[in-house]
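Undergrad: So that we are looking at the same thing, I have put the structure below in structure tokens.
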Amino acid sequence: MRTLEAQGGHCAICPSTARLVVDHNHKTNALRGILCHRCNVRLAAVEDLDFKNKAENYLAKLHHDFG
């Protein structure tokens, strides 16, 4: 696959070569790159702004309470 070769044979985000999946835009179905499963799951959480904000607030509260 040319995309994977262009990425050096690993995930587009990290150096992992395990459990690679095709990442695509869910609105347009356009290919964005090849990611490992872990980065793909993490990217989905980042794209969900409501979840991202809630997660950041949760971590900030923990840091404040137990920092």
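The values are calculated or read from the model by the stated rules, or taken from the named source; none is laboratory data. Keep in mind that this is a model prediction, so the values were computed, not measured. Cβ placement follows ideal geometry from the backbone for every residue including glycine, while neighbour counts extend to all protein chains displayed.
Undergrad: Being among the aliphatic types (A, V, I, L, M), out of contact with any strand residue (DSSP E or B) (no Cβ under 8 Å at 6 or more places or on another chain) and within 25 Å of A55 (Cβ to Cβ) narrows it down to one of A18, A44, A6, so name that one. Please lay out each step first, then the result.
TA: Working: A18 fails: out of contact with any strand residue (DSSP E or B) (no Cβ under 8 Å at 6 or more places or on another chain); A6 fails: within 25 Å of A55 (Cβ to Cβ).
Result of the check over A18, A44, A6: A44.
Undergrad: Follow-up question, since we're still on this one. Could you please find all residues in region 1-27 being modelled with pLDDT under 95 and in a loop (DSSP other than H, G, I, E, B)?
TA: M1, N25, H26, K27
Undergrad: Another one. Scan (1) assigned to a helix (DSSP H, G or I); (2) in contact with a His (Cβ under 7 Å, 6 or more places away or on another chain); (3) of a type in the set (S, T, N, Q) for the single condition N57 breaks and write down its number.
TA: Condition (2) is where N57 drops out.
Undergrad: Filter region 30-67 down to the residues that are of a type in the set (A, V, I, L, M) and free of Cβ contacts under 8 Å to residues at least 24 places away in the same chain and list them by number. Step through it out loud before you land on a result.
TA: Of the residues in region 30-67, the ones of a type in the set (A, V, I, L, M) are 30-31, 34-35, 41, 43-46, 49, 55, 59-60, 62.
If the condition is that a residue be of a type in the set (A, V, I, L, M) and free of Cβ contacts under 8 Å to residues at least 24 places away in the same chain, then A30, V41, A44, A45, V46, L49, A55, L59, A60, L62 are the ones that fit.
Undergrad: Of all residues in region 12-39 being under 16 Å from the mean Cα position of the chain (by Cα) and farther than 19 Å from M1 by Cβ, which is surrounded by the most Cβ atoms within 10 Å (Cβ to Cβ)?
TA: Out of the qualifying residues, it is R38.
Undergrad: Kindly establish whether R42 is surrounded by 12 or more Cβ atoms within 10 Å (Cβ to Cβ), basic (K, R) and in a helix (DSSP H, G or I).
TA: Taking the combined requirement at face value, the residue satisfies it.
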